[in-house]
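> Take a look at the following structure, please.
None of the figures in this text is laboratory data; all of them are computed from the coordinates on show. Everything quoted here is computed from the prediction, not taken from an experiment. With ideal geometry, Cβ positions are generated from the backbone for all residues, glycine too; neighbour counts draw on all protein chains shown.
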């Protein structure tokens, strides 16, 4: 399944266009521009002496793709791993990278006023915020109030693997 991207305007006041997904009981998101496709997990081969956050590699259309488990970065309780992978579109990577998620929920746009980032996050004490892998928190209205969505900074998460 490929993700269709709609054009977005740049700048600080632009809408945040994200792919939302579930990790355990948490809802997270990454920029739509960073997602190439969404695929089902096939056989993942563990690579010895790699960090726990690197689940292993799998063959994706004849190309070796590294599979990352973001639960390690966000201190999400580990249940059974989901069967979906968000394959990233990062032109500078030497190898394809995918993020394993429990369930892909939706592609959504949020207005700038719904996103808390930078100084707005200083009072939140979560591992994702402390380790700088969370880009911000999205306030998503629901029927009873607000749900909070962790907006992950994929570049920082991957850079922290090195």
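> What FRET efficiency would be calculated for the residue pair residue 146, residue 103, taking the C-beta separation as r and a Förster radius of 22 Å, to the nearest 0.05?
Values: r = 21 Å, r/R0 = 0.94.
Approximately 0.60, to the nearest 0.05.
> Could you give the nm distance between label points at residue 90 and residue 54, where each point is 7 Å from its Cα heading toward the beta carbon?
With each label point 7 Å from Cα toward Cβ, the separation is 1.2 nm.
> Bin width 10 Å, alpha-carbon pairs only: give the P(r) of region 16-159 as whole percents, running from 0 to the bin holding the largest distance.
Answer for region 16-159: a P(r) of 11, 43, 35, 10, 1 percent.
> At 7 Å along Cα-to-Cβ for each site, give me the label-to-label distance between residue 42 and residue 155 in nm.
If labels sit at residue 42 and residue 155, their model points lie 3.1 nm apart.
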